[in-house]
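Working notes, structure below.
The values are calculated or read from the model by the stated rules, or taken from the named source; none is laboratory data. These numbers come from a predicted model, not from an experiment. Counting neighbours? That spans all protein chains shown, and the Cβs are built from the backbone with ideal geometry, glycine included. These accessible areas exclude ligands, DNA and RNA; they are computed on the full protein's heavy atoms, side chains included. Shrake-Rupley method; radii C 1.70, N 1.55, O 1.52, S 1.80 Å.
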Amino acid sequence: MMNNPAETKLHQLLLSDSKNLVAECRDGQYQLPQFLLHVSQAVANLQTRSEQSYLLFARNTYDFSVNFVALLLLQKDIVLTANHKAEWLDSISHAFQVILSDNFIDGHIASDHYRQNSSVEANFSVPPVFNSRIQFYTSGSSSEPKAVVKTLDQLLLETATLEQLFGQSVAQTQFFATVSHHHIYGLIFRLLWPLLYRHPFCADMILYPEELIDRYQSHSNICLISSPAFLSRHDKSLTNIELKQCFSSGSLLSNLSAKQTAQQFGIYPTEVFGSTETGGIGYRTQEKGNTRWSLFPGVTIETDTTNRGILYSPYLNQPQPLDDLIELDGDRHFHLLGRADRVVKIEEKRLSLDALETTLKTSSLVNEAKVVVIQDKRTFIGAVIELSAEGQEFMLSHSKHKLNEELKSKLINTFEAVAIPRKWRYFERLPYNSEGKLPLSSLTALF
């Protein structure tokens, strides 16, 4: 008897005789019987090993899914990280005993190992309860490895919530993704959700809008799992298409990017607010200028006297203080007021970095703005600006100095002199990394 109903869908998948399409790869399509056969072959290869913890890194989502399910069946612990550089892996090497990977790493097991074991038939034992721990390694804003441990129950419960809320909107769709399945957002949205609720997924990542538009020619019912970094790459020269559903997470999507996505892809993205530590907290779309977030079912937030949020969630073992300032709007809605940890002191003056960025973004010259505290001989603010088309034209027609002065004029009436950025860096696009993040170390390195 299963202890947790959230595992029901996984048991049903593993014991099913359905022939539904699971995944589409560059080398063909895989239906459920073939997927289960590949899982059996992976189990046969791995069950003779005594090691308990496995680092799983495979860029192809199908190879990843086969090994992920096989490790669950064997009750092994799984370590996930999107960073596979040698120095990073060395820093977290205490967390795993074996590497399963499609990357050339000394002593690893190739992630397509199951394909070499064709003599095995589809036959494996499904445990009544899955006991695997899934450990995510994330760098956050500090660039230092941080471990976040989740149970499979927590991940499956969150997946079930997505189907409850959005299942109708993704009916008859195929899932495509611009984000990695090695993060919690990608693992749940681009793999567990489609796999358990029988939506085919594309095993290869979409890197550019042109690729998505090309795939649309043969896959008209697309659910896109994406990020602000991808959705902000608006190109007016590209053909407009009509997505059935689109999700975005990783950071906040600007109102401009939300509007441009609706124009190019025919739908306002559903943004998901949360983190690896908290799981999903809330969701919104910015249609008609909406800024209000709705809480996921079962999730509640309280605030302390400073408006800092305290999260109560079925995806957590205990209440968790948030690093976000929250304004509650009724029982099930809230507004984000900024990060609590982004209120800093410069020359004894308190400054909200979020408020500074928000004010800069009111300028028609600016699409996006990020500000950082720079420690030099003196402490000062540096500004990293993504210029709008109007801003780019302004800098070409005048000068960088004139642009600096123009943006400073937006701030002088609201902020103390020490809060006005002393150095400015301008981009056509903010320098997001491959994970759709802007690590603090990358921003400060610009100054």
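Looking only at residues in the stretch 410-435 that are touching a residue at least 40 places away in the same chain (Cβ under 8 Å) and in a helix (DSSP H, G or I), the one that is surrounded by the most Cβ atoms within 10 Å (Cβ to Cβ) is Ala419. Restricting attention to the stretch 20-41, the residues being open to solvent by less than 20 Å² (accessible area, probe 1.4 Å) and of a type outside the set (S, T, N, Q) number 9.
For (1) open to solvent by 20 Å² or more (accessible area, probe 1.4 Å); (2) hydroxyl-bearing (Ser, Thr, Tyr); (3) touching a residue at least 12 places away in the same chain (Cβ under 8 Å); (4) touching a helix residue (DSSP H, G or I) at 6+ places or on another chain (Cβ under 8 Å), each residue gets a yes or a no:
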residue: Asn45; (1), (2), (3), (4): yes, no, yes, yes
residue: Thr81; (1), (2), (3), (4): no, yes, yes, yes
residue: Asp90; (1), (2), (3), (4): yes, no, no, no
residue: Phe96; (1), (2), (3), (4): yes, no, yes, no
residue: Ser111; (1), (2), (3), (4): no, yes, yes, yes
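Within the stretch 323-335, residues that are touching a residue at least 40 places away in the same chain (Cβ under 8 Å) and closer than 11 Å to Thr291 by Cβ reach partners that are among the polar types (S, T, N, Q) and in a loop (DSSP other than H, G, I, E, B) with beta carbons closer than 9 Å, at six or more positions or on different chains, in the pairs His335/Thr291. When the stretch 3-43 is filtered for residues that are in contact (Cβ under 8 Å) with a residue 40 or more places away in the chain, in a loop (DSSP other than H, G, I, E, B) and among the polar types (S, T, N, Q), the ones remaining, listed by number, are Asn3, Asn4, Ser18, Asn20.
The residue that is farthest from Arg429 (Cα to Cα), counting only those in the stretch 354-377 that are at pLDDT below 90 and either open to solvent by less than 10 Å² (accessible area, probe 1.4 Å) or out of contact with any strand residue (DSSP E or B) (no Cβ under 9 Å at 6 or more places or on another chain) (or both), is Lys377.
From Gln245, Gln263, grab the single residue that is under 21 Å from Val366 (Cα atoms) and surrounded by fewer than 22 Cβ atoms within 10 Å (Cβ to Cβ). It is Gln263. Would it be correct to say that Ile326 is touching a Pro at 6+ places or on another chain (Cβ under 7 Å), part of a strand (DSSP E or B) and aliphatic (A, V, I, L, M)? When the stated conditions are applied, Ile326 does not pass them. What's the number of the condition Leu407 fails, among (1) of a type in the set (A, V, I, L, M, F, W, C); (2) under 33 Å from the mean Cα position of the chain (by Cα); (3) open to solvent by 70 Å² or more (accessible area, probe 1.4 Å)? Of (1) of a type in the set (A, V, I, L, M, F, W, C); (2) under 33 Å from the mean Cα position of the chain (by Cα); (3) open to solvent by 70 Å² or more (accessible area, probe 1.4 Å), only one is false for Leu407: (3).
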